[in-house]
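Structure first, commentary second.
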Ligand SMILES: NC(=O)c1ccc[n+]([C@@H]2O[C@H](COP(=O)([O-])OP(=O)(O)OC[C@H]3O[C@@H](n4cnc5c(N)ncnc54)[C@H](OP(=O)(O)O)[C@@H]3O)[C@@H](O)[C@H]2O)c1
């Protein structure tokens, strides 16, 4: 049985706590955070879950095997390295870190500690993308375009300028690093590393520093032309579309309207509204995030590679950094 300690008590920590409760072979045994009241609240109604402080997670020999980090982006690297050094496996929320240097440090720390490092990327477990993954293995692609429209909330952007999500220093950026990292992970896996990136970003909401609009294109290592674009706007219905043009001119289109950018089906959102639990989805083993948790449990039990490990998160952060650099270069011209 994989014993999990959750680090973080914010909105998404509740989703993780609920999901761990439904994954065979795993059990949530502790919750750690900086505010004791909020830790207690998350533990309430979850028998056998011990409330802990942030420092507890850095001590060796605690009765858990994996630390699941669901905190602000700028804290991921330090918290991951400390948990690995204390002897635990780590699952860290996306984005793995805010710089490629930090992401590299995390991967190296896992190697030196002889522990495993996993990064949340639940899009890999959305059924349509799993099918595409298999199909794309055997065909040549000329062009791929992923475009997304999100609400500020579903893009993880907060218009309150006092929160960590609206500051570059704590979030590392906005729509790209907070939300478009999901499709970016798939694009890198399918088509290879980006070359010759051209990018533009825009911060269009008053008071907040982070970008709400992203347009990027590049030539991928495997030869395809890739476009990634997104906009976070107040009051839109979240929608995403992936269009792939094959070498023979045929097109494959996945319209992912049933999913919001967090990978949570819209109909569940309606159910949340009805039940009053806005921000919390209905737990199910078939949810992409629950499927990723199950993959991690199995990979630890068998020693096989998990679908998304530290090296994958590092590739994503490396690409994010290059896209921001390209956008900066463009705005300088
Ligand atoms: N995979 C996905 O689709 C998805 C969806 C949503 C979010 N996420 C990710 O989940 C993570 C957390 O997001 P969230 O929406 O849950 O954020 P949140 O609601 O703001 O929660 C942040 C948590 O971090 C703690 N925290 C904040 N500042 C801290 C500090 N300086 N030191 C220690 N702890 C601190 C907060 O503690 P207090 O409670 O004491 O304030 C809270 O527990 C992010 O990485 C985000 O990108 C992923």
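Inspect the range 146-154 for any residue being at pLDDT 85 or above and within 18 Å of residue 314 (Cα to Cα) and give the result as yes or no. Looking for residues that are at pLDDT 85 or above and within 18 Å of residue 314 (Cα to Cα), one finds none in the range 146-154, hence no. Looking across the range 36-45 at every residue that is in contact (Cβ under 8 Å) with a residue 24 or more places away in the chain and out of contact with any helix residue (DSSP H, G or I) (no Cβ under 7 Å at 6 or more places or on another chain), the one that is surrounded by the most Cβ atoms within 10 Å (Cβ to Cβ) is identified as 39. Does the range 153-161 contain at least one residue that is within 14 Å of the ligand (Cβ to nearest atom), closer than 23 Å to residue 288 by Cβ and out of contact with any helix residue (DSSP H, G or I) (no Cβ under 9 Å at 6 or more places or on another chain)? Within the range 153-161, one or more residues are within 14 Å of the ligand (Cβ to nearest atom), closer than 23 Å to residue 288 by Cβ and out of contact with any helix residue (DSSP H, G or I) (no Cβ under 9 Å at 6 or more places or on another chain). Scanning the range 206-228 for residues that are more than 13 Å from residue 323 (Cβ to Cβ) and either crowded, with 21+ Cβ neighbours inside 10 Å or not assigned by TED's automatic domain parsing to the domain that holds residue 155 (or both) yields a count of 4.
Evaluate the following for residue 65: is it within 16 Å of the ligand (Cβ to nearest atom) and surrounded by fewer than 22 Cβ atoms within 10 Å (Cβ to Cβ)? The answer is no for residue 65.
Against the condition part of a helix (DSSP H, G or I) and not assigned by TED's automatic domain parsing to the domain that holds residue 174, how does residue 22 come out, does it pass? Against the criterion (part of a helix (DSSP H, G or I) and not assigned by TED's automatic domain parsing to the domain that holds residue 174), residue 22 does not qualify. Candidates are the residues of the range 1-19 that are within 13 Å of the ligand (Cβ to nearest atom), modelled with pLDDT of 95 or more and part of a loop (DSSP other than H, G, I, E, B); the one that is nearest to residue 79 (Cα to Cα) is 8. Does residue 259 satisfy being within 15 Å of the ligand (Cβ to nearest atom), within 27 Å of residue 76 (Cβ to Cβ), in contact with a strand residue (DSSP E or B) (Cβ under 8 Å, 6 or more places away or on another chain) and at pLDDT 90 or above? Against the criterion (within 15 Å of the ligand (Cβ to nearest atom), within 27 Å of residue 76 (Cβ to Cβ), in contact with a strand residue (DSSP E or B) (Cβ under 8 Å, 6 or more places away or on another chain) and at pLDDT 90 or above), residue 259 does not qualify. Checking each residue in the range 32-48 for being at negative phi, touching a strand residue (DSSP E or B) at 6+ places or on another chain (Cβ under 7 Å) and part of a loop (DSSP other than H, G, I, E, B) picks out only 46. Residues that are touching a helix residue (DSSP H, G or I) at 6+ places or on another chain (Cβ under 6 Å), away from the ligand (no atom under 11 Å from the Cβ) and more than 26 Å from residue 299 (Cβ to Cβ): does the range 28-35 have at least one? For the range 28-35, residues touching a helix residue (DSSP H, G or I) at 6+ places or on another chain (Cβ under 6 Å), away from the ligand (no atom under 11 Å from the Cβ) and more than 26 Å from residue 299 (Cβ to Cβ): absent. Residues that are more than 13 Å from the ligand (Cβ to nearest atom) and buried (at least 19 other Cβ atoms within 10 Å of the Cβ): does the range 53-61 have at least one? Scanning the range 53-61, I find no residue that is more than 13 Å from the ligand (Cβ to nearest atom) and buried (at least 19 other Cβ atoms within 10 Å of the Cβ), so the answer is no.
Taking the stated definitions as given, is residue 25 in contact with a helix residue (DSSP H, G or I) (Cβ under 7 Å, 6 or more places away or on another chain), within 23 Å of residue 84 (Cα to Cα) and more than 14 Å from the ligand (Cβ to nearest atom)? Spelling it out, residue 25 is indeed in contact with a helix residue (DSSP H, G or I) (Cβ under 7 Å, 6 or more places away or on another chain), within 23 Å of residue 84 (Cα to Cα) and more than 14 Å from the ligand (Cβ to nearest atom).
The values are calculated or read from the model by the stated rules, or taken from the named source; none is laboratory data. Please read all numbers here as calculations on a predicted model, not as lab measurements. Quick reminder, even Gly has a Cβ in these numbers, built from the backbone with ideal geometry, and neighbours come from all protein chains shown.
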